[in-house]
Every structure is written in structure tokens, then in C-alpha cells.
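To start, the structure itself, in C-alpha cells.
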Amino acid sequence: MAGSPVRTLLLRVVGPALLLLAGLVVVGRTSAMIGNFGLGWDAHAYYVAWDGGLYDAAPGSLDAYNYSPLFAQVVWPLTFLPWPAFAAVFIGAALAGVAWLLRPLPAVVAVAGLMCCAFEIASGNVFWLLAVAAVLGTTRGAPWCAAAFTKVLPCVGPVWFVLRGEWRLLRGFVVTFVLLLAVSVISAPGLWQDWVRFLLDNGGSSPGLAFVPPLLVRLPVAAVLLVYAARTDRAWLLPVVMLLASPVVGTGNLALLAAIPRLVPRRTPTVPGHGRTAGRGRRVTA
């Protein structure tokens, strides 16, 4: 087939080489952050969140806590651990989650992808969790609550369900969301008022990568891409939409793209002598 050698070269050589180069850049930036702040610099905000007011620190400042009260309530029991153990839990979970997401890739490409996620892993942030939620959220509604109660705008799953008419999955998300919200609000109603006020007062105030367009530019693009992905059954575009919809785009957000290998449909073999595939392509979700 004409052009296939070029395509093979791009997929097997150029692509992995560029990914490895990007990974080296991320590793370098990660090393600098570790030198300045130590491992788990984002997770430390969760660790000390209850030491004062949850939302006293401004976004982007050291140890600023930006997520919903529910996330802080879930993490609270772990804060009784010594800090090194707490950091190990978050960093270890991030490493395991990213490794699982990249498992379908060839070993060399997976290692390069892991390097690209080094910043996320070392920081102890939760973008990897949102990536896992995106994978699981193609067949379940509840996983999208992980995005709804943390980063908020990247919670695109419910819109995906509406666009595709997947009402059972949407119902699963809504029921889970309402139950979790009710329990959290009943236990700490004042904190939810504080969080809403915090979001309204500080929306978009955290710094991100300088070359990334502002959220007001990215959101319409994300909306159009989400409609296209839903209508054409391209679930692998969900992480891209989530990245575009993130209020702040930084190096750690790249971990969202680690969900793509699990969402790309499997190749279906051709049945010998029949000239047709043995079955429909399926997303890699396990």
C-alpha cells in the first residue's frame, strides 16, 4: 500500500522518539520541582488542608487546597499518617494508575509515556485519577464523580452520555453524585458555601503554561470536539476534551492523555477467506 512505509516510520520511530523527547523535558522539570519543594508538593496541600480553613490559601500558592469539601473528607483519615507515608500513598497510587493506563502500549512507548507523566506522579496530584475515571466512565456513570468533586470542568462524562443517549449511565452518575453530595453537605454545610465562594472569587486565577490559550478560548473548542467524539464513537478523544476544559493547563495535566491507549478501539482481525472482520472493535478497558 502506497505510503505505508512512511506511516510505519512515523508510528514506530518518529512518534516514540518525540514522546521520549517530551518525556525527558518533563522529567527535567519534575527534577527541578522536587529540588525546590520535595516529593508530593501537590499532595501536601491535601495533607495539611484541615490544619486551618480549607480555603484560606489562594489558588497557586503553596499548599492551596482547591477541591470540594468531599475530597478533603475522603482523604482526612489518611492525614493521620506521617507525611512520608501519606506522600507514598498518593505517589504510589499515581504510579500504579498511570502504569495501568499505559499497559496496552509497547514497552518502549509506555516508558516514554510514563516519563511524560513524571510531573503528575511526583506531585501526588489527581489527574491520573481523572484519566482512570474517563476509561471506566465509558461504561459506568459513577466514576465521573471523581472529576466532578475535584477539577469540576473536566467532568465531561455526563454531557457525553446526553449526546449519545446513554441515559442509564447518566442516571448512574446523577444518583451517585447526589448521594455523595448529600452526605458531605449534611456533615459540613458551611464548607460547601466556602467552596462555592472560593470558586467564584478565584476562577482562572492560577498560573498555567504560558503558551496555552485561556479557558474562554479552549472551552468552545472542547465543546465542539466533545460533540464530534460522541457522534463518531471516538471515546479516545475524551481525555483531549478534558485537557482542553481544564481551568488551568500545566505539565501535570498531560497525565489525562494517558487514558488514550485504554480508549482506542482494539484492532479486529480479518476472518481468513471471508474478507471481513471477526467482530466489532472494542475499547480497551481492562
With respect to the numbered conditions (1) in a helix (DSSP H, G or I); (2) surrounded by fewer than 19 Cβ atoms within 10 Å (Cβ to Cβ), which one is the sole condition not fulfilled by Ala58? (1)
Is it true that Leu200 is more than 19 Å from the chain's Cα centre (by Cα), surrounded by fewer than 17 Cβ atoms within 10 Å (Cβ to Cβ) and more than 27 Å from Leu39 (Cα to Cα)? yes
Output for segment 33-54, where each listed residue is in a loop (DSSP other than H, G, I, E, B) and closer than 20 Å to Gly252 by Cα: Gly38, Leu39, Gly40, Trp41, Asp42
Provide a single number: the residues in segment 244-267 that are crowded, with 21+ Cβ neighbours inside 10 Å, touching a residue at least 60 places away in the same chain (Cβ under 8 Å) and among the aliphatic types (A, V, I, L, M). 7
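Starting from residues that are of a type in the set (S, T, N, Q) and either at positive phi or touching a strand residue (DSSP E or B) at 6+ places or on another chain (Cβ under 9 Å) (or both), keep the ones in segment 88-144 and report whichever is surrounded by the fewest Cβ atoms within 10 Å (Cβ to Cβ). Can you show your working first?
From segment 88-144, those of a type in the set (S, T, N, Q) are 123, 125, 138-139; that's our starting set.
Now restrict to residues that are either at positive phi or touching a strand residue (DSSP E or B) at 6+ places or on another chain (Cβ under 9 Å) (or both): 138-139.
Details: Thr138: 21, Thr139: 13.
That would be Thr139.
A quick yes/no check of all residues on (1) within 26 Å of Trp76 (Cβ to Cβ); (2) of a type in the set (A, V, I, L, M, F, W, C); (3) part of a helix (DSSP H, G or I):
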residue: Leu130; (1), (2), (3): yes, yes, yes
residue: Leu153; (1), (2), (3): yes, yes, no
residue: Leu169; (1), (2), (3): no, yes, yes
residue: Val185; (1), (2), (3): yes, yes, yes
residue: Gly190; (1), (2), (3): yes, no, yes
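Coordinate-derived values only; no laboratory data. Because the structure is a prediction, the values reported are computed rather than measured. Note that each Cβ is placed from the backbone with ideal geometry, even for glycine, and that neighbours are counted across all protein chains shown.
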